[in-house]
Structures are given as C-alpha cells and as structure tokens.
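Engineer: Mind looking over this structure? Questions follow.
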Amino acid sequence: MSPAPDTHVRLAVIGGGPAGLMAAETARAAGIEVDVFESKGSVGRKFLIAGKGGMNLTHGEPKPDFVQRYGSRSKEVGAWLETFDADALRDWARGLGVETFIGSSGRVFPSDLKAAPLLRGWVHRLRESGVRFHVHHRWLGWHADGSLRMDTPEGERAIRADAVVLALGGGSWPQLGSDGAWQPWLAERGVSVAPLVPSNCGFDIGWSDHLASRFAGAPLKPVVIHLRDVDGHEHARQGECVITATGIEGSLIYAFSGMLRDAVAAHGSTTIALDLTPDRTLDRLRSDLARPRGSRSMSEHLRRQAGLAGVKAALLHEVLDRDQFHAPETVARTIKRLPLVLKRPRPIGEAISSGGGVRLEAQDEHMMLNALPGVFCAGEMLDWEAPTGGYLLTACFASGRLAGLGATRWIDRPRENGTA
Ligand SMILES: Cc1cc2nc3c(=O)[nH]c(=O)nc-3n(C[C@H](O)[C@H](O)[C@H](O)COP(=O)(O)OP(=O)(O)OC[C@H]3O[C@@H](n4cnc5c(N)ncnc54)[C@H](O)[C@@H]3O)c2cc1C
C-alpha cells in the first residue's frame, strides 16, 4: 500500500536493513506509529547475504576489546554499545526464538548459522506490532518545503513526517540496495559527509598470468602479515588470506583494510610483508635450507626441507628472479618477509562494507543530525568502520536502536509543532 500524495506520517524509517528495522522496532515499542520505506522489493537483503557464509551476528570477546575494533571511532561506537551490546543482541535474537553460540574464533552465530529465519521472524513481529512496510519506495531527497521525495510504484509522492530515521546503508554490494546515492542529498543540506570508501576489501597486486591462472582462489594459511600504517606504526598478525585473480583478500587483509586503504591513498601504493612459515624461525629456515640438496631442484628442496609448496612456493617464484631463487639466504629471508605491493583497494561495490559516510560530529548523542532537526541517521551510512567478526551488525543494531529512541523522544517532546 502506498501513502496518498502528500501523506503525513509520524515516523518515517527509510531503509529496511538491520539498522532501520531496529529503529522501527524501538520506536514502535514506545508507541510511535512507524512507516518503513524500502527501495527494494523486500527488506534486509544485505542481512540475508551476510548469512550466506554463516551469519556472524556479533562477537563474544570482552567489551573493552570489542570496543577497540572500531578504531578511531571506538569512543563514539562504544557509547552506542552502552545501550545495546553483544549480550543484548544475543538476548534479542533469543526473543525471536533464535539461540546463538560462540564459535572457536569467538564469533557469535545463530545455532542454525542462518539469517533467513531470524529476518522472517523479525519482520513478522514488526508487522504484528503495527509497523507498516512500503517496499519499492525509493527516497529521492527532500522537496524545498521539507517533505520527503518518494518514488513509488504509483509515481513520485511527497511525504511529510514528524521524524525521519535514515538507515540507507553504505556503498558496498549496491545491487542489494545500499548504493550511497544519498551522499549529495545530505551534503546539500549542510550535513558533513566523508566520501564512502571500500572497507573489508581485497587489494590489487597484479600477478603474473601463471600465478593468477593457477592459484586464484588458493587459501594462504597460516601466514603473518607485517605492515606499516600511514603514521609509521608497525602492525603484525597471524591469520588467513586468499589469492585472487588480481591480488589478495580474506579475513587477515580485511582486518587491516582501513589502514592499507589509507596507506595506498597517501603513498600511491603500500607494501606488506608476509611470513609464509610462522612456525619456523629464520635461523631454523637457514639450517633447513643449508642441508645438502644433491641433484634435487630448488623447488623440491624447498618442499622437503622447509615444507614450502603450492601457492606459497609460487609466491616465492613470483617475487624472486632466477638467481635469487637459488640463493638460500635470500630465499630464507623472503620466506619470512615476502614483500607484496598493494596497488589499490578493490572497488567499493565488491567490498564487504564501506567506511566514510555521515560524520559522527554531524549528529548529537541521540543520532539526530545537527543540520536537520528531526532527522536521525543509523547504521553503515555513518562514518565508522570495523573488521568482520560481527562488529558491523552489532554497531548497526546499536545505532538503529539509539536512532529509534531519539526519534521517539523527538516526536514526544513538548512542543507547538515538530514537522521534520
Ligand atoms: C557479503 C557480505 C557479508 C557480510 N557478513 C557480515 C557478517 O557476517 N557479520 C556482520 O556483522 N556484518 C556482515 N556484513 C555487513 C552487514 O551486512 C552490514 O554492515 C549491514 O547490513 C548494514 O546494515 P544497514 O542497516 O546500515 O544497511 P543495509 O543493510 O545496507 O540496509 C540499507 C537499506 O536501505 C535501503 N535503501 C538504500 N537507499 C534507499 C533509498 N534511497 N530509499 C529507500 N531505501 C533505500 C537498501 O535497499 C537497504 O535495504 C556483510 C556484508 C556483506 C556484503
């Protein structure tokens, strides 16, 4: 059902992702009439995709560590999590009949690992509570009189709202609905917006045809990444990554993707070093490789003495020339610090999430935009980022809840008139 032209609604939540739905649920629970407008034919499409490889809802680590995952925004996001944290999220899922468990990595999953039952149950509960859904309704910005421009199946409509929650998502996987088209509309209205950039993304390196054709998709594990951020601080961590046709991706790269992206932006490219044998010291490798080789090829010698084969051996070939490949000291050092030059992040459309967006300074502690009283923002469209591990969804839920509370407070405030 579409609202009639020039409809007046109480709270318009625009964007039916986890942040918008949580804002809708919170405001509705406080007795507010809520209309959710969603450009796609159904809500929560990215939430569903997030559940494809095992829905990672949140993380079980202690709160101080959890909060640090939001990097330079840990103070602000930490404040959001005061109202709704990982435990609250697990309780909320339980309220929908979905139990969760903490995996060996500390990540928290629904017991069936799926997103669909959770989303189905949630949307059902929202409808039952009286939240009205309007799919195929695409917000196009504001009319000069402050009403919302809404593209609907029946044509463009003007919608007035006492309060608006914008939960439009970032810029990754735009085919799922969050395309970042809102950036200029907010900027034109005086809202400070940092350009959306890829986060939790892979990077291009530019492999030889041989490596790309034979090893694209090959996992690289375990390895230790060594890198330097734009401020010159060194970072190292053990984990796993994956060789792609053009470069490298995977959880270890995603964990540092913000730093790597910023370093590429500052210097044109950035070099990481991979330790291909974290369990062998350089001295051990030296003595392993010093053993007599006999008539065996260097590749066979590497395999037998250093356990290096497959994609790891191919990477050595990739960075060393023929003479270097036959110099044991150079080979040993390169195994411990394989240099890879990252040329550019993969496009934002391929990234798991995005950084940039509405600057947190542009809104108050109730998530209301300073430049647009009565308009609240939540979720990934805000300027924060975090690695994969459930931190993204947790912050989306928490900020959505705060925006719902803020919008309720705004609508219920004592006033003469309060049209957003
Ligand atoms: C492949 C993949 C896997 C992921 N896995 C995980 C995971 O396991 N754990 C985790 O924590 N996070 C994961 N994420 C990230 C997580 O899904 C997002 O951070 C989260 O969905 C963002 O929520 P949101 O509500 O802010 O925005 P979105 O979920 O993007 O929702 C925004 C909604 O707004 C709608 N919209 C946009 N513009 C308009 C408009 N103009 N008018 C009307 N509607 C509009 C969109 O159609 C969309 O439905 C994953 C992401 C991807 C792509």
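Engineer: Return the loop-located trypsin sites (Lys or Arg not before Pro) in region 26-105 (DSSP other than H, G, I, E, B) with at most 11 other Cβ atoms within 10 Å of their own Cβ; answer none if there are none.
Structural biologist: Values: sites: Arg28, Lys40, Arg45, Lys46, Lys52, Arg69, Arg73, Lys75, Arg90, Arg94; in loops: Lys40, Lys52, Arg69.
Those satisfying the criteria are Lys52.
Engineer: With +1 on each Lys and Arg Cβ and -1 on each Asp and Glu Cβ, and nothing else charged, work out how big the dipole of the chain is about its Cα centre, in Debye to the nearest 20. Could the numbers behind the result be given before it?
Structural biologist: On the way: 49 positive and 48 negative charges, 272 e Å.
For this selection, approximately 1300 debye.
Engineer: Sort 223-236, 243-256 for me by packing, meaning the mean count of neighbouring Cβ atoms within 10 Å per residue, highest on top. Mind showing how you got there, number by number?
Structural biologist: On the way: 223-236: 14.5, 243-256: 20.6.
The packing order, highest mean first, is 243-256, 223-236.
Engineer: Could you check the spin-label model distance between Gln324 and Arg415? Points 7 Å from the Cα along Cα→Cβ, value in nm.
Structural biologist: It works out to 6.4 nm between the two label points.
Engineer: Let me ask you something else. Which order do the peptides 188-195, 406-413, 366-373 come out in when sorted by mean C-beta neighbours inside 10 angstrom, highest first?
Structural biologist: Details: 188-195: 15.2, 406-413: 20.2, 366-373: 18.2.
The peptides rank, most packed first, as 406-413, 366-373, 188-195.
Engineer: Also, quick follow-up: In the chain, what percentage of the DSSP-assigned beta bridges are antiparallel, given to the nearest 5? Write down the numbers at each step before the final one.
Structural biologist: Numbers: 42 of 61 bridges.
Antiparallel bridges: around 70 percent, rounded to the nearest 5.
Engineer: Counting pairs of alpha carbon atoms under 8 Å apart in space and at least six apart in sequence, what relative contact order in percent does the chain give?
Structural biologist: On the way: 901 pairs, mean separation 101.4, N = 420.
Relative contact order for the chain comes out at 24 percent.
Engineer: Still on this structure, I have one more. Compute the normalised compactness of region 1-125: alpha-carbon radius of gyration over 2.2 N^0.38 Å, N being the residue count.
Structural biologist: Values: Rg = 16.2 Å, N = 125, 2.2 N^0.38 = 13.8 Å.
In units of the globular-protein estimate, region 1-125 measures up at 1.17.
Engineer: Let me ask something else about it. Sum up the lysine pairs in the chain that clear both bars: alpha-carbon distance under 18 Å and a spacing of 8 or more or different chains. Mind dumping the intermediate values first?
Structural biologist: Working: Lys46/Lys114; Lys52/Lys114; Lys63/Lys75; Lys221/Lys312; Lys221/Lys336; Lys312/Lys336.
Step by step, the pairs that qualify in the chain add up to 6.
Engineer: Under the 0.36 nm per residue contour assumption, what length would be gained going from the current alpha-carbon distance of Ala216 and Leu282 to full extension? Can you show the working numbers first?
Structural biologist: Details: separation 66, 0.36 × 66 = 23.76 nm, distance 2.80 nm.
Working it through step by step, the gained length comes to 21.0 nm.
Engineer: Amide H to amide H, which residues 5 or more places from Phe133 or on other chains are under 5 Å from it, using H placed in the peptide plane?
Structural biologist: When sequence neighbours closer than 5 places are left aside, the close amide H contacts are Val36.
Engineer: Can you check what the Kirkwood hydrodynamic radius comes to for the chain, Cα pairs only, in Å to one decimal? Could you put the intermediate results ahead of the total?
Structural biologist: Values: mean 1/r = 0.0430 Å⁻¹.
With all distinct Cα pairs of the chain included, I get 23.3 Å.
Engineer: Further question: Rank Gly146, Pro387, Trp182 by how far each Cα sits towards the positive end of the charge dipole of the chain (+1 on Lys, Arg Cβ; -1 on Asp, Glu Cβ) and give me just the farthest.
Structural biologist: The residue sitting farthest along the positive end of the dipole is Pro387.
Engineer: Convert each backbone phi in region 184-193 into a coupling constant with the Karplus relation 6.51 cos²θ - 1.76 cosθ + 1.60 (shift: θ = phi - 60°), then list the ³J(HN,Hα) values in order as whole Hz, x for Gly and Pro.
Structural biologist: Once rounded to whole Hz, the list reads x, 5, 6, 4, 4, 9, x, 8, 6, 10.
Engineer: Moving on to the next point. If you build the Cα gyration tensor of region 174-272 and take the root of 5 times each eigenvalue, what three semi-axes come out, in whole angstrom, biggest first? Write out the running numbers ahead of the final one.
Structural biologist: Numbers: eigenvalues 173, 67, 30 Å².
The equivalent ellipsoid of region 174-272 has semi-axes of 29, 18, 12 Å.
Engineer: Compare the peptides 349-357, 314-322 by average per-residue count of other Cβ atoms within 10 angstrom and give them in order, highest first.
Structural biologist: In decreasing order of mean packing, 349-357, 314-322 become 349-357, 314-322.
Engineer: Give me the extension gain from Arg359 to Arg125: residue separation times 0.36 nm, minus the current Cα-Cα distance, reported in nm with one decimal. Spell out each step's value before the answer.
Structural biologist: Working: separation 234, 0.36 × 234 = 84.24 nm, distance 3.24 nm.
Full-extension gain reported as 81.0 nm.
Engineer: For labels at Phe101 and Ala158 in the simple 7 Å Cα→Cβ model, what's the distance in nm?
Structural biologist: 5.6
Engineer: Just want to confirm a number: the relative contact order over region 304-420, from Cα pairs under 8 angstrom separated by 6+ residues, in percent.
Structural biologist: With pairs under 8 Å counted, the relative contact order is 19 percent.
Engineer: On to the next question. Compute the accessible area per residue over the chain, keeping the other protein chains in place, probe 1.4 Å, unit Å². Walk me through the numbers on the way to the answer.
Structural biologist: Details: 18010 Å² over 420 residues.
Per-residue accessible area for the chain comes out at 43 Å².
Engineer: On to the next question. Taking all protein chains in place and a 1.4 Å probe, what share, in percent, of the accessible surface of region 179-328 do carbon and sulfur account for? Don't skip to the end; give the middle numbers.
Structural biologist: Details: 3410 of 7140 Å².
About 48 percent, which is the carbon plus sulfur part of the accessible surface.
Engineer: Then there is this: What is the magnitude of the charge dipole of region 203-345 about its Cα centre, with +1 placed on the Cβ of each Lys and Arg, -1 on the Cβ of each Asp and Glu, and no other charges, expressed in debye to the nearest 20?
Structural biologist: Values: 20 positive and 17 negative charges, 110 e Å.
So the magnitude is around 520 debye.
Engineer: With a ≥ b ≥ c taken as the square roots of the eigenvalues of the C-alpha gyration tensor of region 105-225, please select rounded if a/c is under 1.5 and otherwise prolate if a/b is larger than b/c or oblate if it is not? Could you put the intermediate results ahead of the total?
Structural biologist: Values: a/c = 2.70, a/b = 1.59, b/c = 1.70.
Oblate shape, in that a/c is at least 1.5 and b/c is the bigger or equal ratio.
Engineer: While we're on this one: Using a simple spin-label model with points 7 Å from Cα along the Cα→Cβ vector, what separation in nm is obtained for Glu33 and Ala309?
Structural biologist: Placing both labels 7 Å along Cα→Cβ, they lie 7.0 nm apart.
Engineer: Multiply the residue separation of Arg10 and Ala79 by 0.36 nm, subtract the distance between their alpha-carbon atoms, and state the gained length in nm to one decimal. Could you put the intermediate results ahead of the total?
Structural biologist: Details: separation 69, 0.36 × 69 = 24.84 nm, distance 2.73 nm.
Contour length minus the Cα-Cα distance gives 22.1 nm.
Engineer: With N residues in region 203-345, what two-decimal value do you get for its Cα radius of gyration over 2.2 N^0.38 Å?
Structural biologist: Working: Rg = 15.2 Å, N = 143, 2.2 N^0.38 = 14.5 Å.
Normalised Cα radius of gyration, region 203-345: 1.05.
Engineer: Build a GNM of the chain with springs between Cα atoms under 10 Å: which of Val34, Val341, Val77 gets the top mean-square fluctuation?
Structural biologist: The residue that fluctuates most here is Val341.
The values are calculated or read from the model by the stated rules, or taken from the named source; none is laboratory data. All values derive from a computational prediction rather than experimental measurement. Positions of Cβ are generated from backbone atoms using ideal geometry, with glycine treated the same way; all protein chains shown enter the neighbour counts. What goes into the accessible areas is simple: the full protein's heavy atoms, side chains included, and nothing from ligands, DNA or RNA. Shrake-Rupley method; radii C 1.70, N 1.55, O 1.52, S 1.80 Å.
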